[in-house]
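Notes follow once the structure below has been shown.
Nothing in this text is a laboratory measurement; each read-out follows from the coordinates by a stated rule. Predicted model only: the values in this text are computed from it and were never measured. Methodologically, a virtual Cβ is constructed for each residue, glycine included, from the backbone with ideal geometry; neighbour enumeration extends over all protein chains shown.
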Amino acid sequence: MRGAGLFGTMDHVNARSTVAGSGDLNRIAELTPEASANVRHQHVISQVLLREFATPSKRVSGRHVQPYDLRHPERRLKTRAPRGVAQIENFVPFASASLEDTWGEVERELPDAFAAVKAGDAFNDPHIGTVLRDLIALHYVRSQHYRELFHRLFAETYQEQRRWLLTNGALRLQAAALERTGLYTTGPQGLAARADELLDVMMTTYRNGSLLRVRIEDNFGKARQLISRSPLEILEPEEGEFLIGDNPALTVRHHDDKLLYSMALGDAHSTVLPIGPRHMLALGPADRYAAAAKADVDRMNVLQIKASRRYVYTRPGSPLAPMIREVSHHWLADHNEIASE
């Protein structure tokens, strides 16, 4: 059954905590023996997903995608194999090998899931729907947007807790310092030193990447569970094709006549993820294939570009190149303005 809807509603909670609780510290302790077992180059778009945008190249062997550098809109880049793009060095710098194993449990299921999508059979097997929803959760959490948000919120939370300890919590801080050292702390410098000591564990887990590691793992589980409750649409363009950016799983929300993006899961009307030139996943309102009008396809492509951190990708020979370069100039202007603030 093919409907005409585009976005449904998601009543999900925000899963962006950066606080190092006892559960986080216990998990960090479990992972410490494998702290140095890391995958250096970690993909922010699964290779198996990028392969859906890849086609055989006349000049080199294998299937390639066409990258576009948004910082240099007029530069024409060579096509690349999926394994060589959309990766970040030490994206998670602590015990990332086991985290990659977690992603692999989903990614190994994707070839069969993508084949079912193309055959129009994605909803004949409930397991296929589960895999596709897990793919959205994976790219929502294993994303540059999530990592940037984590760093920003940690800095805010750390400073808020430090300010509280030096003001409303000063008596508790003095009591804790007295219990720990046997000395009574006075004066702003002494209190500041004690506050930094009390927050040292929190800062250490942040600096070595272990807090990010366990937060990503934990929030992947939460996002996976929450997204599993949502119906899934598979959008097919009536005209045109989809591209994919390096920050591809986007939460979106209608506001008046605008389509906003990159809000928390709980504030979104849907979450979208392109999975090939001819298909995009969208949460809600029902399990179905749905036709996407050209205007909606164009809007989704523009959002992918706007949300990207530097690169977008198409199949080689895609007719989207002029549009990408045009929107790239706006992307570059926006990012230059942010950098100058």
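How long is the gain from H72 to R59 if the chain were fully straight, where each residue apart is worth 0.36 nm and the alpha carbon distance is subtracted? Write down the numbers at each step before the final one.
Values: separation 13, 0.36 × 13 = 4.68 nm, distance 2.38 nm.
Between H72 and R59, full extension yields 2.3 nm more.
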- Note on the structure: quick note, the range 220-341, DSSP beta bridge pairs, % antiparallel (nearest 5) is 75
- Message: Within 15 Å, Cβ to Cβ, of T102, how many net charges do the neighbouring residues add up to if Lys/Arg are +1 and Asp/Glu are -1?
- Response: -3
- Message: Give me the one-decimal nm value for the distance between modelled label points at A97 and R163, 7 Å along each residue's Cα-to-Cβ direction.
- Response: 4.3
- Message: Tell me the angle of helix 210-227 to the major Cα principal axis of the chain, expressed in degrees between 0 and 90 and rounded to the nearest ten.
- Response: 50
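So for S46, S57, fewest C-beta neighbours within 10 Å to most, what's the order? Show your work: numbers first, answer last.
On the way: S46 22, S57 17.
The fewest-first ordering by Cβ neighbours comes to S57, S46.
Can you give me the Kirkwood hydrodynamic radius for the range 56-111, using every pair of distinct Cα atoms, in Å to one decimal?
Numbers: mean 1/r = 0.0713 Å⁻¹.
This gives a value of 14.0 Å.
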- Note on the structure: Whole-number value, in Å³ per residue, for the convex hull of the alpha carbons of the range 208-278 is 131
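Here are some pairs, K118/K294; K258/K294; K118/K258; K78/K306; K58/K306; which of them have Cα atoms lying more than 24 Å apart in this structure? Before the final figure, lay out the partial values.
Values: K118/K294 19 Å; K258/K294 17 Å; K118/K258 31 Å; K78/K306 22 Å; K58/K306 31 Å.
Those over the limit are K118/K258; K58/K306.
E179 to Q225: FRET efficiency via 1/(1 + (r/R0)^6), r the Cβ-Cβ distance, R0 30 Å, to the nearest 0.05?
Working: r = 40 Å, r/R0 = 1.32.
The value I calculate is 0.15.
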- Message: I need the P(r) histogram for the chain: all alpha carbon pairs, bin width 10 Å from 0 out to the longest distance, whole percents.
- Response: 5, 23, 30, 23, 11, 6, 3, 0
- Item | Principal semi-axes in Å for the range 225-341 [√(5λ), Cα gyration tensor, largest first] | 24, 19, 12
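For the range 132-219, what is Rg from Cα atoms divided by 2.2 N^0.38 Å, rounded to two decimals? Mind dumping the intermediate values first?
Details: Rg = 17.3 Å, N = 88, 2.2 N^0.38 = 12.1 Å.
Here the answer is 1.43, to two decimals.
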